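Worksheet for the structure shown next.
Readers should treat all values here as calculations from the given coordinates under stated rules, not as data from a laboratory. Note that the coordinates shown come from a computational prediction; the quantities given were computed from them, not determined experimentally. Counting neighbours? That spans all protein chains shown, and the Cβs are built from the backbone with ideal geometry, glycine included.
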Amino acid sequence: MELLEKLARENYLNHGETVKLLEQMDEEGDNKLFHLAQRTKEKYFGSKVLIRGLLEFSNYCRKNCLYCGLRHGNILLERYRFSPAQILETCYRGAEQGFKTLVLQSGEDQYYSDEVLAAVIEKMKAEFPEIAISLSIGERSYDSYKILKEEGAHRFLLKHETADPKLFEALHPDTQQGNRNRCLENLEDLDYQVGTGFLVGLPRQGVEELARDFQFIKKTDPDMLAVGPFIPHPHTPLAGEKGGSLQESLRMVALSRLFLPQALIPATSALGNLHTQGRMMALKRGANVLMINLTPREFHSQYQIYRRKEWNEGMNLREVLVKSSLEPDMSRGDSIKKRRIKGVYR
Ligand code: 5AD
Ligand code: SF4
């Protein structure tokens, strides 16, 4: 496991080395990897887990990504969208509960023009000036990102999904990898704290393809990085595929921590969907962010990105975290990478 030690020491392996490491990984390697990832996480973040509030405000989407249940072509899905007033109402509930980061997430829904979103952000800024606003609303123009940033959004999540060009093309009929990368560059350029991420267990994704994701995250150095299993959705063209396993996904989370020691890495809800303890396992293997879903329960079954189980709901997260010797942290949790270089983000 020399390569693993080298990665932990230098936070870098080249493509060939990464491929070799991925090929070598076995149970013993995983144990070592998980330990190293957790130690790295603790070095920068201690036992803290940053808590974010998530609002899934619309499941309309104009795109047709092959893996996603929200794809336009899924005519079986009942669609919903929140009015600006409903969004703000949910934000109020989040603010009342002490959340200092709210993530507004949706499909690519053109109902939310720049004007509509800017008005929502303006109200959020006025009502909750201490709360960081994260957007997760897909590809938009430079000008659109600019308007929303100037209105007061702080962060933006836009996964690169896979860094492998062939795989990206096969999965995304209505966008190109170049376009996705341009969006990410524009977001960086506009001084957003940027989150990206990739799916694990996609059809025809092997070690070569995964190794590209690690070169990509190292090169782009995002503030946040979401890594989770691909889970087939029955009403998509990939319904019959196998999907990502828990072990492989946890392995990619832990490797991500070693490549990007300072990144904010969530324990994705897709992991929690594979196993009741999936998110807790990730938080013990390098992840340091937990998103709590604030979307009113009646909409959960409609925000069907993948086949969704509801077994996480209802458990007292604070208790579960503390039992695992983790400490819930309700602060804003800005990127430590950017703060160090550029000073506090506002
Ligand atoms: N399994 C896991 N994650 C998915 N996403 C979309 N479809 C799936 C799926 N079947 C994720 C993508 C995207 C976000 C909207 O949800 O990574 O960024
Ligand atoms: Fe739409 Fe995003 Fe799903 Fe693609 S992954 S179909 S853009 S919600």
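Some observations on this one:
- Sparse-neighbour loop sites [GluC sites (Glu not before Pro); segment 264-325; at most 11 other C-beta within 10 Å; DSSP]: Glu310, Glu313
- Residue order, fewest to most surrounding Cβ atoms within 10 angstrom, among Glu115, Glu108, Glu56: Glu115, Glu108, Glu56
- Over all directions, the projected convex hull of the C-alpha atoms in the chain averages 15.7 nm² in area.
- Charge dipole magnitude, Cβ of K and R +1, D and E -1 - the chain, Cα centre, debye nearest 20: 580
- For segment 117-169, the set of GluC sites (Glu not before Pro) satisfying both a DSSP loop assignment and a count of at most 11 other C-beta atoms within 10 Å is given as Glu130.
- Segment 103-204: trypsin sites (Lys or Arg not before Pro) in DSSP coil with no more than 12 other Cβ atoms inside 10 Å: Arg204
- Computed [θ] at 222 nm, deg cm²/dmol, the chain (DSSP H ≥ 4; -39,500 (n - 2.57); rounded to nearest 500): -13000 deg cm²/dmol
- For segment 215-220, 3J(HN,Hα) per residue [Karplus equation, 6.51 cos²θ - 1.76 cosθ + 1.60, θ = phi - 60°, Hz, x = Gly/Pro]: 5, 5, 5, 5, 5, 8
- Likely footprinting exposure, Arg71, Arg279, Arg81, fewest C-beta neighbours within 10 Å first: Arg81, Arg71, Arg279
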